[in-house]
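Working notes, structure below.
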Amino acid sequence: MKKDDSERRWALLCQRSPEADFFFAVITTGIFCRPSCPSRAPRRENVRFYDSAADALLAGFRPCKRCHPDRSGAREALEARIAKACALMEESEAPLTLHMLAERAAMSPWHFHRQFKLMTGLTPGAWQRALRAERLRKAQAGGETVTRALHEAGYTSGGRAYRQVKRALGMKPSQYRRGGELLTLYFAQGTCQLGDYLIAESARGVCAVLLGDSPEALFQELTQTFSHARLLPGDAAFGQRICGIVRWLDNPAEHAFSLPLDLHGTVFQREVWQALQAIPAGETISYQTLAQRIGKPRAIRAVANACAANTLAVIVPCHRVVRQSGALSGYRWGSERKRRLLQREAAQEE
């Protein structure tokens, strides 16, 4: 920037001109504003000028909460850069480093990493691992051998990659390729106060508690999630555990739930589900508040998707999340069932 232009902008800033077409940032506070902002005037040596709010954001400054300079399209520009980075990662067969992605986005590595995590809920590395896991799922579902599917998904060979894949899929790759046919699930169906239920258990623990109004639909939901898995009726010990779960579903205030769980989800989803389990009965929070609690305030949509992916009804209490206005939002097992759950918990707390 030319010195004359810098001095002109400083003069307009001192005048608090509402017609000024630039933005200024203060290095001592890390905040950028419009020239017309009513905040305290900064010292000249601490001021930096930018042509757009997007440039100030990319330089690492935070928007002022009084004049809201980021509401002029800067956020959209930043989101476009993050979206472009996501597209690059999806198109690339080889993993991209943080420095490569930041350079393509014209941002510093530190700032790119921070903004990417705020917007998506994942780090760039975790995002690429999720992409590789999804590619592997598609390759395995298409009947590819484990070795070929690993290679096409971008994994390196060796035991470490195999262990990473096993965690991503929730089972061995060879099992997933065969639709989970070597995975044995014991399940039971019945009726409780919340309607029809289907409860399934793997060797690791309870993996599904589904609610609905049709036993057939619940069974179809289970088979779609674990296609070709062996679904077997349980023994007497399994039946006793199921009875305990049903008693807990009917009256969680008087019965404890202490069975192990087998959660199938991404790292981000598990983080959301853990935060959900920390919400006390009788209380509700918004998706925005939930995103803030896990340290990702801008990942509101990703949080909502994680709630919708939950397969453990009531145990992972996604019914306690409502809209910012307090109105009921969608619920995997029906809005009416969500309303009944909240009313019951409120009554029990009283």
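Where a number appears in this text, it was derived from the coordinates with a stated rule and is not lab data. Worth saying up front: this structure is predicted, and the values here are computed from it rather than measured. Using ideal geometry, Cβ is built from the backbone for each residue, glycine included, and neighbour counts are taken over all protein chains shown.
Set the Förster radius R0 to 41 Å, insert the Cβ-Cβ distance between N305 and R43 as r into 1/(1 + (r/R0)^6), and round the FRET efficiency to 0.05. Can you show the working numbers first?
On the way: r = 46 Å, r/R0 = 1.11.
Taking R0 as 41 Å, the efficiency between N305 and R43 is 0.35.
Roughly how big is the stretch 75-121's charge dipole about its Cα centre, with Cβ charges of +1 (Lys, Arg) and -1 (Asp, Glu), in debye to the nearest 20? It would help to have the intermediate numbers written out before the result.
Details: 6 positive and 6 negative charges, 53 e Å.
The calculated dipole for the stretch 75-121 is roughly 260 debye.
Under a point-charge model restricted to the Cβ atoms of Lys and Arg (+1) and Asp and Glu (-1), what is the dipole moment magnitude of the stretch 3-72 relative to its Cα centre, in debye to the nearest 20? Show your work: numbers first, answer last.
Working: 13 positive and 9 negative charges, 86 e Å.
With Lys and Arg at +1 and Asp and Glu at -1, about 420 debye.
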Cut-off under 5 Å, modelled amide H: who pairs with R62 long-range: I31, F32
task: Determine, for K117, K296, the number of other Cβ atoms within 10 Å of each Cβ, and report the residues in order from fewest to most.
output: K117, K296
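Within a 10 angstrom radius of the beta carbon, how do E336, E345 rank from fewest other beta carbons to most?
Values: E336 12, E345 21.
Starting with the residue having the fewest Cβ neighbours, the order is E336, E345.
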message: Amide H of L183 versus every other amide H placed in the peptide plane: which residues, excluding those fewer than 5 positions away on the same chain, fall under 5 Å?
response: R230
statement: Going residue by residue through the stretch 100-109, the Karplus relation 6.51 cos²θ - 1.76 cosθ + 1.60 with θ = phi - 60° gives ³J(HN,Hα) values, rounded to whole Hz and with x marking Gly or Pro, of 5, 5, 5, 5, 5, 8, 6, 9, 6, x
task: Quote the FRET efficiency, to the nearest 0.05, computed for E79 versus R8 with a Förster distance R0 of 41 Å and r equal to the Cβ-Cβ distance.
output: 0.85
message: Need the full-extension length gain, T184 to L231, defined as separation in residues times 0.36 nm minus the C-alpha distance. One decimal, nm.
response: 16.3 nm
message: With the crude spin-label approximation of a point 7 Å out along Cα→Cβ, what separation in nm comes out for T191 versus A256?
response: 3.2 nm
query: In the stretch 41-56, which residues have a backbone nitrogen under 20 Å from the label point lying 7 Å from R66's Cα in the Cα-to-Cβ direction?
result: 41-50, 53, 56
- line: With the dipole of the stretch 253-344 defined by +1 on each Lys or Arg Cβ and -1 on each Asp or Glu Cβ, the option from S325, G265, T284 whose Cα lies farthest towards the positive pole is S325
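If each residue's Cβ is checked for other Cβ atoms within 10 Å, how do V26, V314 rank with the fewest at the top? Could you put the intermediate results ahead of the total?
Details: V26 18, V314 21.
So the residues, fewest neighbours to most, are V26, V314.
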